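Have a look at the structure below before the remarks.
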């Protein structure tokens, strides 16, 4: 495996899972790129788990800045290229069905 195997194109859709210390109400989803927002734990402390599709790394940066502005410390960020060529519909990590990439594009 080479070092470039882990490089994500800056303008490509992403599937992300972000964990942050503290709690956020799921109503923040629209302000956080449409990510699914749900409660979690981190080391026995309250945390928030955000998951779903983002348009590109710029959208990811917007979510991270919003979490910073809210005073929530990051626990982890994991992103992978989103599948291309197929509609990005289906169950998200919470088990509900929702539109992900199509919703962000228009």
Considering the stretch 4-37, residues that are in a loop (DSSP other than H, G, I, E, B) and buried (at least 18 other Cβ atoms within 10 Å of the Cβ), and then whichever is nearest to the chain's Cα centre (by Cα), we arrive at 35
Evaluate the stretch 38-53: report whether one residue or more is assigned to a loop (DSSP other than H, G, I, E, B), on the phi > 0 side of the Ramachandran plot and either in contact with a helix residue (DSSP H, G or I) (Cβ under 7 Å, 6 or more places away or on another chain) or at pLDDT below 95 (or both).
yes
**Q.** Residue in the stretch 89-105 that is modelled with pLDDT of 95 or more, under 12 Å from the mean Cα position of the chain (by Cα) and surrounded by fewer than 19 Cβ atoms within 10 Å (Cβ to Cβ) present
**A.** no
Reported set for the stretch 1-11 where residues are farther than 17 Å from residue 77 by Cα and modelled with pLDDT of 85 or more is 11
_Looking for something within 21 Å of residue 81 (Cα to Cα), out of contact with any helix residue (DSSP H, G or I) (no Cβ under 7 Å at 6 or more places or on another chain) and at pLDDT below 95 - is there at least one such residue anywhere in the stretch 12-28?_
yes
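The values are calculated or read from the model by the stated rules, or taken from the named source; none is laboratory data. None of the values given here were measured: they were computed from a predicted structure. Every residue, glycine as well, gets a Cβ built from its backbone with ideal geometry; the counts of neighbours run over all protein chains shown.
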